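Report on the following structure.
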Amino acid sequence: MKNIAASIAISALAATGVEAQEEHRRVAPPAVYDVAPGLGHFTDDVLFGEVWERKELAPRDRSLATVSAIVSTGKTAQIGAHVARALDNDVKPEELAELITHLAFYSGWPNAISAVAETKKVFDERRIAPLKNSEAARIELEAAAEAARAATVDSTVAPTAAALADLTNRVLFGDLWQRPDLSARDRSLVTMAALISVGQPEQLPFHANRAMDNGLTQSEASELLSHVAFYAGWPRAMSAVPVLKQVFESRKGTQVNAPQADLKITPAGSGAISAPEQYFTGTVEISGLYQAEAPARVGGATVSFSAGARTAWHTHPLGQTLFIVSGRGWVQKEGEPVQKVSSGDVVWIPPHVRHWHGASSTEPMTHFAVAEALNGSSVTWMEKVTDQDYSKGGS
């Protein structure tokens, strides 16, 4: 009898273990298995059993993409569970808050406000204190690229919608994209996920290029499409495929790991624009702007200064090289005397050294500048060089 009882007990424990294991594998809400068992299978075995396990995109990135897709499409009931999952996947509360703020601009205020209400429930459950605006240094966007973007907005948007152009340059990119609680790469990932989810593939080329300039790899961008397909639907993901394909092909010229990739030539004087006034003094023109694709981080441009023109004080996270093409100029490291440079000189500025450079007071100067980006940024701009400090170069 004891043996029989033991056998029954072992069998019961084994059955309980199987049931527990079966229950553990279940991710979908309980009603799914009663109403749509096939959906339960695909949820458990494919979405969470396969897609979420793929290494091409980190769990943290998948959470950012998922919450972005849900917020941007207004799927309020699903927000809480995925916000909780995002926190478990090491997304910080401040990053989730900034994601919602960011998507207010890309999918509308109503979706963002609805997301706030659901997210607060999760924060309250986890006893996350009320958040405050970060006091960290703002993200400095690449000046030349920003100048080119702003010029495009001014020429294509301003003639029809001047207020929209102003808000795009001043608020969207002049403020939102520089907020520090979400990195430039993550903002790009969030934006791409939202654009795919709301069916706006025509907006993808700019943001996909920006994402890869900010550190998102081509493999991660490709995987993002597969992931978002489950949350926004196959049609929207498939509509984005040919657009992303064109972006990948357009960037082949800078792919160092593609033996058959074509060389990329940037013609002299191409894309000439005026340098942004907030970072330069005097008449300055930027042309021949280029940016290599990851894993390369190098970018550069030809910058022409009129006599007396110069940059503001600034630093570079990985340093900068200047090749003086023509004319005479001045370069100064903070705390040291101004140094004179002329045609043929090469200047190396080490990482994080505060400095400025520009033309002499009597002659123009043109240099070719080369710098590497770190986390999507190759320069940190500071205050302008005063006339008094600049005049010391002529002494």
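The values are calculated or read from the model by the stated rules, or taken from the named source; none is laboratory data. Everything numeric here is computed off the predicted structure, so don't read it as measured data. All Cβ positions, even for glycine, are placed from backbone atoms using ideal geometry, and neighbour counts span all protein chains on display.
Filtering segment 106-135 to residues that are charged (D, E, K, R) and within 19 Å of Val198 (Cβ to Cβ) leaves only Glu118. Looking only at residues in segment 269-309 that are among the aliphatic types (A, V, I, L, M) and part of a loop (DSSP other than H, G, I, E, B), the one that is surrounded by the fewest Cβ atoms within 10 Å (Cβ to Cβ) is Ala296. Restricting the search to helices (runs of 4 or more DSSP H) fully inside segment 1-83 and requiring at least 3 residues that are modelled with pLDDT under 95 and under 28 Å from Lys121 (Cα atoms) gives 2-25, 30-35. Per the conditions (1) crowded, with 18+ Cβ neighbours inside 10 Å; (2) modelled with pLDDT under 90, the sole criterion not satisfied by Leu182 is (2). Within the option set Glu142, Glu50, being under 30 Å from Thr380 (Cα atoms) and out of contact with any strand residue (DSSP E or B) (no Cβ under 6 Å at 6 or more places or on another chain) holds for one residue only, Glu142. Taking segment 132-200 as the region of interest, the helices (runs of 4 or more DSSP H) fully inside it that hold 2 or more residues being within 15 Å of the chain's Cα centre (by Cα) and of a type in the set (Gly, Ala, Ser) are 184-197. Residue count for segment 189-215, restricted to those that are touching a residue at least 40 places away in the same chain (Cβ under 8 Å) and closer than 12 Å to Trp177 by Cβ: 3. Here Thr266 fulfils each of the conditions (1) closer than 22 Å to Ala296 by Cα; (2) not in a loop (DSSP other than H, G, I, E, B) apart from (2). Check Ala129, Ala143 and return the single one that is touching a residue at least 12 places away in the same chain (Cβ under 8 Å) and hydrophobic (A, V, I, L, M, F, W, C). Residue meeting the stated conditions: Ala143.
Scan segment 84-96 for residues that are surrounded by fewer than 20 Cβ atoms within 10 Å (Cβ to Cβ) and in a helix (DSSP H, G or I) and the total you get is 6. Restricting attention to segment 118-129, the residues that are under 26 Å from the mean Cα position of the chain (by Cα) and either modelled with pLDDT under 95 or not β-branched (Val, Ile, Thr) (or both) add up to 3.
Is segment 244-263 home to any residue that is within 18 Å of the chain's Cα centre (by Cα), at pLDDT below 95 and either surrounded by fewer than 18 Cβ atoms within 10 Å (Cβ to Cβ) or within 21 Å of Arg60 (Cα to Cα) (or both)? Yes, that holds for at least one residue.
Considering the conditions (1) assigned to a loop (DSSP other than H, G, I, E, B); (2) surrounded by fewer than 17 Cβ atoms within 10 Å (Cβ to Cβ), Lys340 is excluded by exactly one of them, (1).
Cβ-Cβ distances below 7 Å connect the following pairs, each with a first residue in segment 146-158 that is of a type in the set (Val, Ile, Thr), a second residue that is part of a helix (DSSP H, G or I) and modelled with pLDDT of 90 or more, and a separation of six or more residues or different chains: Val153/Ala165; Val153/Thr168; Val153/Asn169; Val157/Leu164; Val157/Ala165; Val157/Thr168.
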